[in-house]
Structure formats: structure tokens, C-alpha cells
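Quick note: the coordinates plus some simple rules give every number you see, no bench work behind them. From a predicted model like this one, the values you see are computed outputs, not experimental measurements. Positions of Cβ are generated from backbone atoms using ideal geometry, with glycine treated the same way; all protein chains shown enter the neighbour counts.
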Amino acid sequence: MLNVPSQSFPAPRSQQRVASGGRSKVPLKQGRSLMDWIRLTKSGKDLTGLKGRLIEVTEEELKKHNKKDDCWICIRGFVYNVSPYMEYHPGGEDELMRAAGSDGTELFDQVHRWVNYESMLKECLVGRMAIKPAVLKDYREEEKKVLNGMLPKSQVTDTRAKEGPSYPSYDWFQTNSLVTIAIYTKQKGINLDSIIVDHQDDSFRAETIIKDCLYLIHIGLSHEVQEDFSVRVVESVGKIEIVLKKKENTSWDFLGHPLENHNSLIPRKDTEDPYMKDSYIRKNINQRRETFIFTFNPDVVGLYYRKCQLISKENVTHDTRLFCLMLPPSTHLQVPIGQHVYLKLPIAGTEIVKPYTPVSGSLLSEFKEPVLPNNKYIYFLIKIYHTGLFTPELDRLQIGDFVSVSSPEGNFKISKFQELEDLFLLAAGTGFTPMVKILNYALTDIPSLRKVKLIFFNKTEDDIIWRSQLEKLAFKDKRLDVEFVLSAPISEWNGKQGHISPALLSEFLKRNLDKSKVLVCICGPVPFTEQGVRLLQDLNFSKNEIHSFTA
């Protein structure tokens, strides 16, 4: 393993931690934008200095390339010459130099692990780090010792002793026509939202969210199976059963061979709310602007993409669309409440990625007319920025086209709703999207709930998403109050005006009882969310009572 520099990243006095709000973006020279970089990578210019050759890089060789005009960095086992990229890096040259001549994976993950480095730096690829070959096991022979996937009792005891009492495990069983893969999470509260299953050709993946970790089963199946399958969860014991249909009614000698990260428990990196951390530094400026998009690339362990088909697109406001995507039949994915996924599109020869929170198809049940089961749909409310890079391309997609959708991420926990009495929702613009599923769940599944208040900030009346549905829902359920606040209304507007402020929040956020259990959710452009969190803390809401949604 390479030694990772011990200094903090970004450094306390680097460009990326300038005093102005802790911003990570630094001014770039004229002609050094993302599109300028993409054009340079397409120009045919030799950006590695190796004239197209790929080499194996030793630790000693890597350490030699540690200057600005000769800077090599290793990320996840691959070495890149980042010198040509120095002037195009939004975080500044100093940040890249923190990892010069070394393995920058850990530093990279701490600051902006979503950078689409594989696509952006593919023309800068020097080669792979030289590593010792791993000793391969004969997994086929090992599984032949197992009867229908069940270990003999002696092996079960030894295996669990090594793994520890809480480490998940899996097993498999078969009949003439079916193969059942059982996952033992050893955790109560596991539900269908906790498991993501994808299989394509002979590759089978099952990702299980267990507390703050991801348990991955990743196998190259020994025989072919049909596309459709079923998933069952026994919540009381934390057991998941995935039933696959064999293409041929033959007996399998073994389940398959392990693929990358098989049978591993991977810590999730999104388990803390960055606004609630004392060390919080804003790394990404307004995430809803169409700049800096390429900083999001969840092509890392735990995030897997599947191609989803666009089946409908409709206008919600003058610049907001409701997109409906259909999952492939070989996928089970139900995005948990309050979590987001990443949409990926190829643009100008580069894969561009942006985070979005899925919504329900409607706030009102009578609006839903699915032609397929609801768990095969994913809906997105997306604002189209006509001068942007990503959303115009998304808006140009035709019905039947495909979009790559990642596995979900997020730090919101459904346990926040336990015994909840008062729920306050603060949303600005498309920051309304995480509130959609929260509203539906809160009004349907929280028996202790007494009041829900939504305060929805927009510029004009035309910008209000699903205004009529919100008003109908508030009329239908008296526990819900909705207040619209406009910053640039017409003279005829009789509602509230202005921006988020102490006076407005003091009036709006009144507990039903002095000691009632309260949750305040806030989402919007970063400046709105930052200011809102500060104001909520000034109003004596505790950190545990505030959840801010950030991607």
C-alpha cells in the first residue's frame, strides 16, 4: 500500500478553504472551463507524455513525479498525469498538489469523491500501480463441499466466530426450477427499501443497507436465470430471500464465482449531516446551478448504475418537468424516503452526473394511474436550466430513451419519525422534492402526528410546484398547513412575501405542545439551507430536531 500524506485535505490555508464562506471553487482563467477541458481531451494532444503507452507504475516511480509541471497522482490503483489539468481544476492547483507523487484516494474521497475522474482524466491515464498478484482460490471446489449452499455445522460455527455476532452472512438453496439466495442481516427493521438487486447476464448483485454500512453480494452465477425474480423480507429476524428462476431445470453444483467486493461490508460515507458537523465546510456551491456538475461521480464501491427507460415527461411549471423512468425487469430498487440517486448522461463525450431526489408520482392518490406496478417506476421533478449543461440534454430525451440511475444514497433515517408529533418542512424551489415522499409518508403512516406545516419559498406564483395538489391535500387532511412565500410576486399577490427570516420562522414554527417531539426538514439552494439551519438553531431547535437535505 502507498503511504497517504497525513496532512488535512484541503489544507487549512489553501485556496479551497478561503474565508469567503469556505468555498471550494476558485476563479479560473479565461478558456479554462469544463467545456474547454473536454475540448482539449478531444484534441488528440498527448496529455500523459508517454505517447499513448500505458505503463505499470511502482511506488518509487510515482514518488518522483511530485511537481506542478510533472504531477502524477494515484486514485484507486490507477495513475494519472494531472499536470495538464492543473489550470482547469475548480479547487485550485494547491489541492491537486496535496496528493502529488502519492496515493490520493483517501484525500480525494474526503473532499469530493464524486469527481468523475475516470471520464475526465481518461486521456491523462499513465497506467496501473504495480501490485503483487493475488493468490486465486478455487471457489468452485469450495462450494462443492456445500450441500445446496448450506455449510456443515462445524464450518458454520467457525465462520461465524471469525465474522463476529453482528456480521451479515448469506446462503443459497435450490429446487428443480428455483434458486433462493438468503441474506441474514441479523438486524431488525430491514424492509424492501433496504435491499437493491440487479442481475444482468450471469452477474448478480444484492446490496443491503444495514445501519451505516452496505453489505454486498456480488456473484457470477454458474447458470442462466430468467429476468424476473421476487424479493421477500422477514422483518422480525432481518432475513431477506431473493428467489431466482432457472432457465433450465438442472441441479447447480455451486452458486457461482465471487466478483469484485463480494461478501463485503462497506461503510457508507453519507451517514452524517454536513450542516450539523462543527467541522462543516461547504465544498459545493449552489448545487442547483449548472456549474461544477462534473464534481459528482458516484462510480465508487456501493453505487451501481442500471439503465432506466423514459416512459413519460410532463410540464409541471414553466421550467419544471415530471420525468417518469421505468426500472429494468432484472432490478429491484425502492429508493428510501429522503434519499437521492444520481442520473448519468453522456454529454460531449464525457459522462456527466447529477444528484436528484425521487418523488411520488403525485401527492394525491386519485392522480395515480400506473400501467405497471409502482415499484417499477421512479419519478423526478427536475428544473430545466436552459443555459446549463445537464438538464437541457435531459429535457431533449425522447420517450423510450434511457438514463443511467445509480443506487440510492442519503443520511435521512426513517427512525426520525418515531412518535413524531410536529413536522415542519421548509423548502425553496426544487428543494420541495424530498418533501414529497415525506408528506405522503407522514400523513399516512405516523399515528402520533398532530400537525404538518409546509412553508414553500419561490420567486413567483408560476414557480410553485404542484400548488393545486398541495392545496387539495391541505383541504383533505386538516393536519396539513401550507404557506407560500414569494420573493418577487405581482402586486395582486395576497400571501406572504420575502425571504427566510427570523420573524417568519418564529411565526411559523410553533410547537403543538411545549415538549412535543418535533422534526424540521429543510432543503433548497445552499445559501438558503445554510441560513435556515443557523436561524433554526437560534430559535433553540436542537441538532437532533433539524435535518437538512444535501446531495
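Points to keep in mind about this one:
- Taking 0.36 nm per residue of sequence separation and removing the Cα-Cα distance, the S487/T387 pair yields an extension gain of 33.8 nm.
- Distance (nanometres) between label positions extended 7 Å along Cα→Cβ at S468 and L265: 5.2 nm
- Here the peptides 233-243, 468-478 are ranked by packing, the mean other Cβ count within 10 Å, and the order with the highest first is 233-243, 468-478.
- Only Lys, Arg (+1) and Asp, Glu (-1) charged, at Cβ; region 25-129 dipole about Cα centre in debye: 400 debye
- Both radii are taken from the alpha-carbon atoms of region 169-267; with Rh as the Kirkwood radius, Rg/Rh is 0.95.
- Student exercise, region 414-548 dipole from Lys, Arg, Asp, Glu Cβ charges, in Debye to nearest 20: 360 debye
- Sorted largest first, extent of region 305-409 alpha carbons per principal axis (Å): 38, 33, 27
- Counting Lys and Arg as +1 and Asp and Glu as -1 over every other residue whose Cβ lies under 12 Å from the Cβ of S43, the net charge comes to 0.
- The simple spin-label model puts a point 7 Å past each Cα toward its Cβ; for R511 and D212 those points are separated by 2.7 nm.
- R0 of 45 Å, Cβ-Cβ distance I399-S33: FRET efficiency to nearest 0.05: 0.90
- Residues whose placed amide H lies under 5 Å from that of L214, excluding near-sequence neighbours: I266, R268
- Rounded to the nearest 0.05, the FRET efficiency derived from the C-beta distance between Q537 and K51 at R0 = 41 Å is 0.10.
- Under Karplus coefficients 6.51, -1.76 and 1.60, residue-wise ³J(HN,Hα) of region 201-209 in Hz, glycine/proline x: 6, 9, 8, 10, 10, 9, 9, 10, 7
- Extension gain from F173 to I414, taking 0.36 nm per residue of separation minus the Cα-Cα distance: 83.5 nm
- Label zone at D319, where the point sits 7 Å out along the Cα-to-Cβ direction: region 445-468 residues whose backbone N lies under 11 Å: 459-460, 463
- Note on D445 and S236: with the Förster distance fixed at 25 Å, the Cβ-Cβ geometry gives a FRET efficiency of about 0.85.
- Here the peptides 523-534, 169-180, 42-53 are ranked by packing, the mean other Cβ count within 10 Å, and the order with the highest first is 523-534, 169-180, 42-53.
- In region 414-548, the ratio of gyration radius to Kirkwood radius, Rg to Rh, stands at 0.94 when only Cα atoms are counted.
- Highest-first packing order for the peptide set 329-339, 304-314, 248-258 is 329-339, 304-314, 248-258, based on the mean count of other beta carbon atoms within 10 Å.
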